[in-house]
Amino acid sequence: VEEKSSPHSCPACSVLDAGDGSSDNQIYGPIIGHVRSENSIISVLRRAEDHTADRITQFAGTMRFVYVHIIWFSVWVLGNLGLAGLGFHFDRFPFGLLTLIVSLEAIFLATFVMISQNRQAARSEFRAELDFENNLRGEIWSVHIGHALGIDVAHVEDIVTEALIAARARLKDHQNG
Ligand SMILES: [Zn+2]
């Protein structure tokens, strides 16, 4: 990967370079490698256009879904037992056809739930990717602006380190307790 301007030529970029603890002329090299190519972002968006699995999963998570099944099972079972004034006998006790249909429904529902979860995960990942890129852009801009304004960069970095250590300690406490 060729760089348009060497970080060495820019004082703000040398601050960014030193931010990870070593001035190795690699500002974000290893991190930027993780930024997705445009193609994979487009493929995530294209997958996001297919909402069928989401709609089915959404409906399966409602009380209406339960009511529909209660009515379906009641009519089927009572009718095939010849009860409640219903008299059809295409699936007598122990209701083998109903068992088959419900088993197939369960398989497809489980698959739809997993498809939906995969799509959800892809969407979150995509959003995290955008957040990351914006954070990166924001950091580069703020260091350059700070440098242009003559802000004491060492002081700001000290405060940042202090704040990060405190935040990570709090996170650890939260995870442990
Ligand atoms: Zn620069």
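When restricted to residues that are more than 33 Å from the chain's Cα centre (by Cα), within 16 Å of the ligand (Cβ to nearest atom) and aliphatic (A, V, I, L, M), the stretch 139-177 contains 4. Quick check: anything in the stretch 92-107 of a type in the set (Asp, Glu) and surrounded by 14 or more Cβ atoms within 10 Å (Cβ to Cβ)? No - not one qualifying residue is present in the stretch 92-107. Going by the structure shown, is residue 151 open to solvent by 80 Å² or more (accessible area, probe 1.4 Å) and either closer than 30 Å to residue 13 by Cα or hydrophobic (A, V, I, L, M, F, W, C) (or both)? Here the answer is yes, as residue 151 does meet what is asked. In the stretch 1-28, of all residues being at pLDDT 55 or above, away from the ligand (no atom under 15 Å from the Cβ) and not polar (S, T, N, Q), the one that is farthest from residue 157 (Cα to Cα) corresponds to 24. Determine whether the stretch 121-141 contains at least one residue that is surrounded by 13 or more Cβ atoms within 10 Å (Cβ to Cβ) and farther than 30 Å from residue 13 by Cα. So far as the stretch 121-141 goes, yes, one or more of its residues are surrounded by 13 or more Cβ atoms within 10 Å (Cβ to Cβ) and farther than 30 Å from residue 13 by Cα. Pairs meeting the criteria (first residue in the stretch 115-127 and touching a residue at least 24 places away in the same chain (Cβ under 8 Å), second residue among the polar types (S, T, N, Q) and open to solvent by less than 60 Å² (accessible area, probe 1.4 Å), beta carbons under 7 Å, at least 6 apart or on different chains) are 116/57. Being more than 16 Å from the ligand (Cβ to nearest atom), at pLDDT 90 or above and among the aromatic types (Phe, Trp, Tyr) is a condition met by no residue of the stretch 120-130. Checked against (1) surrounded by fewer than 11 Cβ atoms within 10 Å (Cβ to Cβ); (2) more than 30 Å from the chain's Cα centre (by Cα); (3) closer than 29 Å to residue 56 by Cα, residue 85 passes all but condition (3).
The values are calculated or read from the model by the stated rules, or taken from the named source; none is laboratory data. Since the structure is predicted, the reported quantities are computational estimates derived from the model, not experimental observations. Note: ideal-geometry Cβ built from the backbone for every residue, glycine included; neighbour counts use all protein chains shown. For the accessible areas, the whole protein counts, side chains as well, though only heavy atoms, and no ligand, DNA or RNA atoms are used. Shrake-Rupley method; radii C 1.70, N 1.55, O 1.52, S 1.80 Å.
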